[in-house]
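First the structure, in the form of C-alpha cells, and then the observations on it.
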Amino acid sequence: MTKSKLEIMLREAGGIARDRDFFLFGSQALRAVCSPYPKDFPKTLEADLYPRHHPQAWSLLRQHMGRGSKFYHKHGVYLDCVDPALAMFPDGWLERLIPFRTPRTGGVTAWCLEPHDLFASKLVAWRAKDQQFLRAMLKHKLAEPRRVLNRIKDLPVSTSRRAELKLLVKELVAQLRARRQKSGLTKKQA
C-alpha cells in the first residue's frame, strides 16, 4: 500500500464512519514515523483501521471498503477493521500513539501504534508475515531490541510467554547479525 492510497482510505473511511479519528494497528502504522517507507518492506494490500469514536461503524466500513468491495476493486487496497480488544498491546500503548494526518486525508487522523508497541504486538501474533515484517523493522532500525524487551514486560501475557517472546527477539537479532556478517564476507570476497 502506498502513502497516497492510505490517505484516500482514511478520507473515505472518515466519511463513511463519520469519525475523524481511527486507530491504525498494522504495518501501515509506520507511516507516522517513516518517510519514505522502505521499498523492501513486505507489501500489503490492507490497512488495519478501527474507528476511535464510532466503533459501531465497523460493519459499514467492512462492507464499503473491505476485501472484495467497490473500494478494493477501484484502488487495489482494502480496509480491515481490527478491534483493539482482539490484539495484544503493551500497557500504556494508548499514551504512545502517534498521529498520521496529511492535507490529503481530509482532516482524518490515523492514530498509529508507536513502533515498539507495533513490534511487540506482531511478535505475539508471530505469523509468517509478521516475522518477515519484524526482520525488516530491525534491519531498518525502526525498533531497538532493548526497548522491545522492555515492552514485552508490559504485555498482558503469562511470565512463561514473556520469556518465549524475549527468546524470539534475541533469535531475530541473531539472524540479522548473521545476515550482515555473511553479506560483509560476500562483499570482501568479490
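All of the numbers you see were taken from the coordinates with simple rules; none came from a lab. Note that the structure is predicted; figures quoted are calculated from it, not measured. Neighbour counts are summed over all protein chains in view; Cβ atoms, including those assigned to glycine, are modelled from backbone coordinates with ideal geometry.
At A128 and S59, where each label point lies 7 Å from the Cα along Cα→Cβ, what is the point-to-point distance in nanometres?
3.4
If one computes P(r) from the Cα atoms of the range 116-189, what percent of pairs lie at distances over 21 Å?
Cα-Cα pairs of the range 116-189 separated by over 21 Å account for 26 percent.
Sort F23, F119 by Cβ crowding within 10 Å, fewest neighbours at the top.
By the 10 Å Cβ count, ascending: F23, F119.
Please provide three numbers in whole Å: the alpha-carbon extents of the range 65-148 along the principal axes, with the largest listed first.
That gives 43, 30, 28 Å along the principal axes, largest extent first.
Using the beta-carbon distance between R104 and E171 and R0 = 30 Å, what value does 1/(1 + (r/R0)^6) give for FRET efficiency, to the nearest 0.05?
0.15
222 nm [θ] for the chain, helices only, -39500 (n - 2.57) per DSSP H run of 4+, per residue, to 500?
Only helices count here, giving -15500 deg cm²/dmol.
When the dipole is taken about the Cα centre of the chain, and only Lys, Arg (+1) and Asp, Glu (-1) are charged at their Cβ, what size is it in debye, to the nearest 20?
Result for the chain is approximately 1020 debye, rounded to the nearest 20.
Rounded to whole Hz and in sequence order, give me ³J(HN,Hα) for the range 37-49 from the Karplus expression 6.51 cos²θ - 1.76 cosθ + 1.60, θ = phi - 60°, writing x for Gly and Pro.
6, x, 5, 8, 5, x, 7, 9, 9, 10, 10, 8, 10
Across the range 116-189, how many lysine pairs, 8 or more positions apart or on different chains, have C-alpha atoms separated by under 17 Å? Please give the number.
Summing the qualifying lysine pairs gives 11.
Rounded to whole Å and ordered largest first, report the semi-axes of the equivalent ellipsoid of the range 36-86 derived from its Cα gyration tensor (root of 5λ).
Semi-axes, largest first: 21, 16, 8 Å.
So for the range 3-114, Kirkwood radius off the Cα pairs, Stokes-Einstein at 10 °C and 1.306 mPa s: how many µm² s⁻¹?
Roughly 114 µm²/s, to the nearest whole number.
Limiting things to C-alpha atoms, what are the Rg and the maximum Cα-Cα separation (Dmax) for the chain, in angstroms?
Answer for the chain, Rg first and Dmax second: 17.6, 60 Å.
About the Cα centre, and with charges only on the beta carbon of Lys, Arg (+1) and Asp, Glu (-1), how big is the dipole of the range 120-190? Nearest 20 debye, please.
The calculated dipole for the range 120-190 is roughly 320 debye.
What length, rounded to one decimal in nm, is gained on full extension from S160 through to C34, with 0.36 nm per residue of separation minus their alpha-carbon distance?
Value of the extension gain: 42.0 nm.
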